[in-house]
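Only one structure is covered here, and it is reproduced in the block below.
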Amino acid sequence: MTANIARAICFVAMAALLSVAPALADCGDETGLLIKGDTAVLHATPPPSALEVGEPFALTLEICEAAAGMEVIRLNARMPAHGHGMNYEPELSRLDDGRYLAEGMLLHMPGEWEFVVDVRSSDQSERLTAAVDLKP
Amino acid sequence: MTGRAASIALLICVASSSFFARTAAHANDRFTSDERAMISANGPWPLNPTPDPSNRFSGDQTAIAFGKDLFSDPRLSRDENLSCTSCHVPELGFTDGLERSTGIGEVDRNAPAIANLANFRWFGWDGRSDTLWGQSIHPILNDLEMAATAADIAAQMAGQEDLAARYEQATQTNPADETPEAILVNTGKILAAYQETLRTPRTRFDDYRDALVTGATAGQVAYPDAAKRGLKIFTGKGKCSICHFGPLFTNGEFHSIGIKHFAAADRVDTGRYGGLKAFRESKLNRLGPHSDEDQALAAKAPSAYAAFLHSNWGAYRVPSLRNVGATAPYMHDGSLATLEDVVDHYSDMNMDRLHSDGETLLRPLDLSAQERADIVAFLHTLTAAPVASAAGD
Ligand SMILES: [Cu+2]
């Protein structure tokens, strides 16, 4: 009986631990944008609310969790409803602390944008997207 | 009360009640919250112009005064008969009123208005330059415009007593000691320093926009109803303000809007495609040997990341709409004579002329005659007095 209770407590504790387990705590500031896929979860800053129409910015990407060996290889932005992307080709670089920096970003219209991030490892790749509502 | 007095009283009642009804409507002026956000983003005005880091004469009063005189000096042209003001006439909003401008020959483009340039990212209809000074050198050298050479400009600056003295005063160098290329670049920078001071004043729209943002009723009532209806279409179903965005009424970028691509029967104007190519080949850029900007910073400027895209073909820089009532005719080739024609163009958009993979933002608006007139009424509230130099005389 006592063992059963102990087991139950242990189970609940484990379940609680597991539900927190995705290493989001490693992603720092919660105000950024989460970009989620099957093989990776990324955290982007600054958050969409801090972006301004027509103002250049650099986006920092952090891998929160990912399959082994996963790397970010490309980042871009597009307006799906308008059928166009940015007029600028951002440059992606890997920082010393393991994060990625996309420089040369510029969203030239207010409205619904989408960040498009390609991730790849030696044996798999995925295109992740996240909606960005750019306010006037 | 006589019948006549009663009918006058009735008239006053009817008139005043409709006045009050209108006043009440002004309180929130029938805009959705998205439309209000767009209108708010069209201000405040004026903008604070930032000095051009690539031009060491930016904001320099000696250079500005010299630049103002050079702007109308025909000695900058090969035949000494044309100046910047030949096509950028101050009394015509710094345009020339022609469909396509004529220097030594006729060019394919309409002379763009020169105002508020200190806040631009790209210059020219095709964005061939990311510096105002680089753009200012282009018409001096172009065979169809002023058709001079760097050697011509150097000969004038060094050989004409008045020019040599003012050049030395502005640049602290004697033109006789400089290369023709250096003199040409400095001439462009001095012309740019002057042009940066040309700004459009506040307009009826700005007063209304501020009143809408602050909730000041009097300012909202003062704006004409037709202009309000036009503004609602402009920011709402017309989607005009998506590209004519912000205080300058332009997002500063490039779009194809279905104007014919042929500059002549045998010649296509490639627009932004050719502009970006010319930009990449030019030395007169922020990131370049003649720029005064910290090159590490210039390497991070948006222009350093400009992308070659299929959509560059036949795209032109979205013009600012400030002072638009004074700068007819319209479009890169001046093919639309009036603002009414421009509104008709968007209302009756010819989809065949847009690239098949072009933006889906443009669709015929099918506006009524009243709606068209309302948009034009709104556009006229973006024009106040003639363009003035903030530097004064
Ligand atoms: Cu768009």
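The values are calculated or read from the model by the stated rules, or taken from the named source; none is laboratory data. It should be emphasised that the depicted structure is a prediction, and the values quoted were computed from it without experimental measurement. Reconstructed Cβ throughout: ideal geometry from the backbone, glycine too, with neighbour counts over all protein chains shown. Heads up: the accessible areas ignore ligands, DNA and RNA and are worked out on the full protein's heavy atoms, side chains in. Shrake-Rupley method; radii C 1.70, N 1.55, O 1.52, S 1.80 Å.
When B:ALA211 is tested against (1) surrounded by 18 or more Cβ atoms within 10 Å (Cβ to Cβ); (2) closer than 30 Å to B:ARG75 by Cα, just one condition goes unmet, and that condition is (2). Would you pick out the residues in the stretch B:158-180 that are part of a helix (DSSP H, G or I), open to solvent by less than 80 Å² (accessible area, probe 1.4 Å) and not hydroxyl-bearing (Ser, Thr, Tyr)? B:ALA158, B:GLY159, B:ASP162, B:LEU163, B:ALA164, B:ALA165, B:ARG166, B:ALA170, B:PRO175, B:ALA176, B:PRO180, listed by residue number.
Of the helices (runs of 4 or more DSSP H) lying entirely inside the stretch B:29-89, those containing at least 1 residues that are within 14 Å of chain A (Cβ to nearest Cβ) and buried (at least 19 other Cβ atoms within 10 Å of the Cβ) span B:33-41. The helices (runs of 4 or more DSSP H) found entirely in the stretch B:209-253 that carry 3 or more residues being in contact with a helix residue (DSSP H, G or I) (Cβ under 8 Å, 6 or more places away or on another chain), at pLDDT below 95 and away from chain A (no Cβ under 14 Å) are B:217-221. Summed over the stretch B:188-223, residues that are in contact (Cβ under 8 Å) with a residue 24 or more places away in the chain and in contact with a Gly (Cβ under 9 Å, 6 or more places away or on another chain) total 18.
Within the stretch A:56-100, the set of residues being surrounded by 19 or more Cβ atoms within 10 Å (Cβ to Cβ), within 16 Å of the ligand (Cβ to nearest atom) and assigned to a loop (DSSP other than H, G, I, E, B) comprises A:MET86, A:ASN87.
Scan B:ARG272, B:ARG280 and give me the residue that is crowded, with 19+ Cβ neighbours inside 10 Å and within 14 Å of chain A (Cβ to nearest Cβ). Explain how you work it out, then say what you get.
Values: B:ARG280 fails: crowded, with 19+ Cβ neighbours inside 10 Å.
After ruling out the rest, the residue left standing is B:ARG272.
Right, B:GLY93: crowded, with 21+ Cβ neighbours inside 10 Å and over 16 Å from B:SER136 (Cα atoms) or not?
yes
Within the stretch A:82-113, being at pLDDT below 95 and at the interface with chain B (Cβ under 7 Å from one of its Cβ atoms) holds for A:HIS82, A:GLY83, A:HIS84.
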